[in-house]
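Please treat every number below as a calculation from the coordinates, not as lab data. What you are looking at is a predicted structure, and each value in this text was computed from that prediction instead of being measured. Positions of Cβ are backbone-derived with ideal geometry, glycine not excepted, and every protein chain shown enters the neighbour counts.
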Amino acid sequence: MQLRYSFRLYPSVGQRIALARAFGCARVVYNDALSTRETARAAGLPFPKSGDLSKMLITEAKWTPERAWLAEVSAVVLQQSLRDLDTAYRNFFDGLKGKRPRMGPPRYKSKRDSRQAVRFTANARWSFTSGGKLRLPKIGDVDVKWSRRLPSTPSTVTVVRDSAGRYFASFVIETGPQETLPGSHAEIGVDLGLTHFAVLSDGTKIDSPRFLRRAEKRLKKAQRDLSRKKKGSANRAKARLKVARAHARVADARRDFHHQLSTRLIRENQAVAVEDLAVKGLARTRLATSVHDAGWSAFVGMLEYKATRYGRVFVRIGRFEPTSQVCSTCGVKDGPKPLDVREWTCAACGSHLDRDVNAAVNVAKAAGLAASARGAQVRPAPVPAPRGEAGTHPKLAPVGV
């Protein structure tokens, strides 16, 4: 399967200027290609092919006074920008055909977009230096904060600047079945919630960190300072950056919590079952802030791809399964209960039940883990690289250095 490894970059002032130039050139080529195709569509002409666009908007455009500055960046970056547009159109049309969730048509990019990225393939001849730096064409040797070694040599690197002004190098790595973990007899059902982030079918309760709630006071102050700045001023740009960095700290802490917990559950259990929650519906209620703060969808996505990576069983049961209405001891369904009822005694068998633990046990039973997963070994299947696989702290050298 594919995994994405992201590492923090610390470019110098000159390298930041060069990266900004690369971001801008890639954006211009993308927008020119989108405009050309939309113009052809409106005129009823054939859809321009990528090869024709590359010749017209890159090769020939470099010799014109209006686009001569395209020669100042690597040509690979511009070619990859056209590939990104092809991917955007393909996803749009696949959504119309029902092959994937529907999404809007490609839109024009702006220099004010919070995220900017360029991609270098092997043809760009990027490399690692003997000192552990990342050498990029027409940019230079950029300092990298290595947190772990790369398991193999990547073929591409994507340089990303996020809304907080931070730079990252993102590598996609191919991994083999050697990461499959030894079999285990442990199986677990997980009930996700707000008071406790997760309750396991073995009775373990994991408190919700509530990263956004804890940082709410600091975020409000930063947002209030931003609202008082004059639009278009340098002080407003600085205040906007402070807001973005405050939100980035919250997002990083939440992602780190999700990674640690999902890895622990996958390593300790042969099979993991969760309930398919209606997150979009819950996000439209008065609990919206707490639901977004929990980040259930991101956590479940991590469980799913890590189960595939390490040879575990992942089961997602239907959202309409009455896990809170059925006694996990005798199986009698005694109807829905208000949210303030956290414990009750089953009228049929007399068992005293905890609402969340009872739901987690019912999730495990509904998934049929005992019948499907005990002692099983699952061969990892191809999975797209997740975007959030990252680390930033200890100083290590990359593979081959």
For the chain, which cysteines have no disulfide-compatible partner, meaning no other cysteine Cβ under 4.7 Å? Cys25
Checking the stretch 47-97 for GluC sites (Glu not before Pro) in a loop per DSSP with at most 12 other beta-carbon atoms within 10 Å yields Glu60, Glu66
Once the Cα atoms of helix 296-310 and of the chain are each reduced to a long axis, what angle between those two axes, in degrees from 0 to 90 to the nearest 10, is obtained? 90
If I model a spin label as a point 7 Å beyond the Cα along the Cα-Cβ vector, how far apart are those points for Asp52 and Ala298 in nm? 4.3
Magnitude of the Cβ-charge dipole (Lys and Arg +1, Asp and Glu -1) of the stretch 1-105 about the Cα centre, nearest 20 debye, reported as 460
Give me the one-decimal Kirkwood hydrodynamic radius in Å for the chain, with the sum taken over alpha-carbon pairs. 24.5
In order through the stretch 133-143: 3J(HN,Hα) via Karplus (6.51 cos²θ - 1.76 cosθ + 1.60), integer Hz, x for Gly, Pro: 8, 9, 8, 10, x, 6, 10, x, 8, 9, 5
Once Rh is set to the Kirkwood radius over Cα pairs, what Stokes-Einstein translational diffusion coefficient, in µm²/s, holds for the stretch 1-76 at a temperature of 10 °C and a viscosity of 1.306 mPa s? 109
Taking the 0 to 90 degree range and rounding to the nearest ten, how far is the long axis of helix 355-367 tilted relative to the main principal axis of the chain, both from C-alpha atoms? 80
Charge dipole (the chain, unit charges on Cβ, about Cα centre) - positive-most of Leu353, Ala20, Gly44: Ala20
Quick one: what do you get for the stretch 1-148 if you divide its Cα Rg by 2.2 N^0.38 Å? 1.18
Expected vector for the stretch 196-213, Karplus 3J(HN,Hα) from phi with 6.51, -1.76, 1.60 and θ = phi - 60°, integer Hz, x for Gly and Pro, equals 10, 4, 8, 10, 9, 5, 8, x, 6, 10, 10, 5, 7, x, 6, 4, 5, 4
When only Cα pairs under 8 Å and 6 or more residues apart are kept, what is the percent relative contact order across the stretch 306-348? 23
Which translational diffusion coefficient, to the nearest whole µm²/s, is obtained for the stretch 162-313 from the Stokes-Einstein equation, given a Kirkwood hydrodynamic radius over C-alpha pairs, 25 °C and 0.890 mPa s? 137
Among Gly51, Gly183, Gly301, residue whose mean-square fluctuation peaks in a GNM of the chain (springs only between Cα atoms under 10 Å): Gly51
Output the Cα-based Rg and Dmax of the stretch 229-369 in Å, rounding Rg to one decimal and Dmax to a whole number. 20.1, 69
Semi-axes of the equivalent ellipsoid of the stretch 225-299: what are they in whole Å, largest first, if each equals the square root of 5 times a C-alpha gyration tensor eigenvalue? 35, 17, 7
Check: the chain dipole with +1 on Lys, Arg Cβ and -1 on Asp, Glu Cβ, in debye: 2100
Between the modelled labels at Thr59 and Lys230 (7 Å from Cα along Cα→Cβ) the distance in nm is 5.0
Across 5 Å bins from 0, what is the distribution of all Cα-Cα pair distances for the stretch 109-224, in whole percents? 2, 8, 11, 12, 11, 11, 14, 14, 11, 6, 1, 0
Given pairs Lys49/Lys97; Lys220/Lys242; Lys280/Lys365 and cut-off 19 Å on Cα-Cα distance, the over-length ones are Lys49/Lys97; Lys280/Lys365
What is the extension gain from Ser147 to Glu343, computed as 0.36 nm multiplied by their sequence separation minus the C-alpha to C-alpha distance, in nm to one decimal? 66.1 nm
Per DSSP H run of at least 4 residues, take -39500 (n - 2.57); add these up for the chain, divide by its residues and hand me the 222 nm value, nearest 500 deg cm²/dmol. -12000 deg cm²/dmol
Set of aspartates and glutamates near Lys133 by C-alpha distance (under 19 Å), chain-local residues within fewer than 8 positions excluded: Asp141, Asp143
